[in-house]
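A quick write-up on the structure given underneath.
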Amino acid sequence: MANEGKLILLVDDHDATRETITELIRDLGHQTLTAANQFMALKYIDERRFDLALTDLKLPDGSGLDVMRRLRQTSPETPVVMITGHATIENAIEATRMGAYEYLLKPVDLNRLRTVIKNALHLSALERQIGRASALDAIVGHSAKIAEVKDFIRQIAKTDVTVLIQGESGTGKEMAANAIQALSRREGAPFVKVNVAVLSRELIESELFGHEKGAFSGAIRQRRGRFEMADGGTLFLDEIGEMPLDSQVKLLRVLQEREFERVGGTETLPIDIRLICATNLDLRQRVDEGKFRDDLYFRINVVRLRLPALRERPEDIPLLAEHFRQKYSVRYGFDRQFAPETLKALRAYAWPGNVRELENAVEGAVVRSSGQLIDADRLPEEITGLAPAPSLDVTPGQPLAEVERQYILAELARHGGNKAMAAKSLAIGLKTLYRKLEAYGGGGQGNDEAEGDGEQGPGN
Ligand SMILES: Nc1ncnc2c1ncn2[C@@H]1O[C@H](COP(=O)(O)OP(=O)(O)OP(=O)(O)O)[C@@H](O)[C@H]1O
Ligand SMILES: [Mg+2]
């Protein structure tokens with residue numbers, strides 16, 4: 001498979017150079033996407049993944065170093081070859097320091113360029129393979145249940161089938177989605193994640209499908225939605241159970257017809273995506289309660305991956321605890337081991353917040369220990385059973401909102417950070433809980449909301 005056509009980004013403002021190099025690359029059996037300036041180059045980099053990039057150093061509107069910087073951020077495994085007619089030592093050093101694979105002088109010796117391209121592509125294929133293996137290896141666990149999960153992922157990743165991932169909060173749903181994408185045929189293509197639970201009812205459709213200029217007040221220019229950004233790649237809809245019913249109708253139509261319109265638009269756009277959905281809710285029950293459309297449920301429930309709660313596979317606890325101990329020991333620069341009674345306490349606890357709760361507990365314990373050993377008293381009290389749930393600091397005269405804040409955070413802590421369970425015991429919606437946590441700052445979902453909206457053009 002090493003010879004399948006690769007996609008190479010070629011950035012040069014000189015027409016003749018672009019033509020010559022494009023031809024050379026075509027002869028090698030690969031494809032180019034060419035850009036004559038930095039603006040177009042950055043746009044392409046945001047939209048797709050390249051196996052290799054060749055860039056001129058001096059561009060009419062910027063520098064090849066900025067092109068390289070953006071590649072380093074969005075796809076660090078893509079090698080970059082810098083080509084320049086204005087060689088200076090400073091530039092050569094800067095390019096090398098940033099990790100340029102090679103630095104070539106103009107006029108380019110085509111034989112040399114051919115060799116460099118072949119070698120760089122070989123390197124990038126190796127890096128990709130390592131990336132793929134590690135996405136699955138990142139899922140730690142030696143229980144039969146986790147082995148089944150990994151087998152399942154290996155089996156379905158290569159197909160384009162829609163996957164519904166179900167599991168309690170903190171069981172690794174997002175990790176599983178990452179692994180499916182990394183092992184899929186769409187691995188080099190866009191991977192767009194959307195957490196439906198944090199989107200407001202008003203904005204969800206424009207967020208997913210984009211909008212035309214003037215579609216509603218505030219729509220001052222056209223915007224591409226997440227579906228469009230994911231075209232050719234994979235879309236991960238996290239917390240899909242939280243989607244409002246009217247948006248569910250639209251989603252179903254898009255999935256069935258494989259086309260959509262932007263909000264306020266008339267043009268119908270075709271779409272090619274692989275869909276992965278996740279939820280910590282019982283969707284079947286949501287259907288019975290009339291909160292989730294059954295036709296959409298059938299449409300997304302093509303194959304289902306259920307992630308087991310940690311208490312269903314306690315044999316994984318010591319391995320995971322050790323994994324996180326190492327991770328945080330390295331991060332914080334400590335070399336501390338678990339005391340036997342600490343492992344015993346970890347093993348005995350029920351972990352309502354699953355792996356995320358375990359990870360947080362171990363991180364806290366690593367940091368809060370002082371000697372060589374991590375003693376059990378460094379674990380949160382609910383785990384060691386040494387004290388009841390945190391008490392509230394409520395005195396008359398405090399604003400109601402402050403009391404509410406403390407109460408909500410205490411409930412969340414009592415449920416080991418499991419938002420779904422905390423929301424249930426507070427008898428409020430999960431979405432309401434998300435909104436409140438976000439208002440408190442830092443308590444929201446944070447990292448699984450893709451940043452950037454792909455609108456980096458001028459006039460932004
Ligand atoms: N099997 C595992 N091995 C290693 N780390 C794991 C495993 N499962 C989960 N984690 C870690 O636990 C945390 C939670 O995982 P993840 O975000 O994938 O869970 P989730 O099911 O999406 O949770 P939520 O429903 O709260 O969004 C992450 O930091 C992840 O790296
Ligand atoms: Mg998640």
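Computed quantities for the displayed model
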{"read-out": "Cβ-Cβ under 8 Å pairs, at least 6 apart or on other chains, the stretch 102-119 side within 20 Å of A16 (Cα to Cα), far side among the basic types (K, R)", "value": "L104/R112"}
{"read-out": "Helices (runs of 4 or more DSSP H) completely within the stretch 391-460 that count 2 or more residues being touching a His at 6+ places or on another chain (Cβ under 9 Å) and at pLDDT 65 or above", "value": "419-426"}
{"read-out": "Some residue of the stretch 180-188 being within 16 Å of ligand 2 (Cβ to nearest atom) and within 16 Å of the chain's Cα centre (by Cα)", "value": "yes"}
{"read-out": "Any hit, the stretch 336-352, residues being within 13 Å of ligand 1 (Cβ to nearest atom) and in contact with a Phe, Trp or Tyr (Cβ under 9 Å, 6 or more places away or on another chain)", "value": "no"}
{"read-out": "Hits in the stretch 264-283 (condition: within 12 Å of ligand 2 (Cβ to nearest atom) and farther than 13 Å from L237 by Cβ)", "value": "N280"}
{"read-out": "Index of the failed condition, D335 passing every other in (1) surrounded by fewer than 13 Cβ atoms within 10 Å (Cβ to Cβ); (2) modelled with pLDDT of 95 or more", "value": "(2)"}
{"read-out": "The stretch 103-121, residues that are part of a strand (DSSP E or B) and open to solvent by 90 Å² or more (accessible area, probe 1.4 Å)", "value": "L105"}
{"read-out": "Within the stretch 162-197, considering residues that are among the β-branched types (V, I, T) and modelled with pLDDT of 95 or more, the one nearest to G210 (Cα to Cα)", "value": "T162"}
{"read-out": "Qualifying residue in the stretch 386-403 (condition: within 31 Å of the chain's Cα centre (by Cα), of a type outside the set (S, T, Y) and open to solvent by 20 Å² or more (accessible area, probe 1.4 Å))", "value": "no"}
{"read-out": "Selection count where residues are farther than 20 Å from A410 by Cα and either open to solvent by 60 Å² or more (accessible area, probe 1.4 Å) or within 33 Å of the chain's Cα centre (by Cα) (or both), scope the stretch 338-374", "value": "18"}
{"read-out": "Test: residue in the stretch 220-237 that is under 28 Å from A423 (Cβ atoms), more than 19 Å from the chain's Cα centre (by Cα), more than 16 Å from ligand 2 (Cβ to nearest atom) and of a type outside the set (F, W, Y)", "value": "no"}
{"read-out": "Any hit, the stretch 21-31, residues being open to solvent by 30 Å² or more (accessible area, probe 1.4 Å), more than 19 Å from V116 (Cα to Cα) and out of contact with any Asp or Glu (no Cβ under 7 Å at 6 or more places or on another chain)", "value": "no"}
{"read-out": "Number of positions in the stretch 290-322 that are β-branched (V, I, T) and open to solvent by 40 Å² or more (accessible area, probe 1.4 Å)", "value": "1"}
{"read-out": "Check on R368, without any contact (Cβ under 8 Å) to a residue 12 or more places away in the chain, touching a Lys or Arg at 6+ places or on another chain (Cβ under 8 Å), away from ligand 2 (no atom under 16 Å from the Cβ) and not assigned by TED's automatic domain parsing to the domain that holds K250", "value": "yes"}
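The values are calculated or read from the model by the stated rules, or taken from the named source; none is laboratory data. Quantities reported herein were computed from a predicted structural model and do not represent experimental measurements. Heads up, the Cβs are rebuilt from the backbone with ideal geometry, glycines too, and the neighbour counts pull from every protein chain shown. With ligands, DNA and RNA removed, areas are computed over all heavy atoms of the protein, side chains included. Shrake-Rupley method; radii C 1.70, N 1.55, O 1.52, S 1.80 Å.
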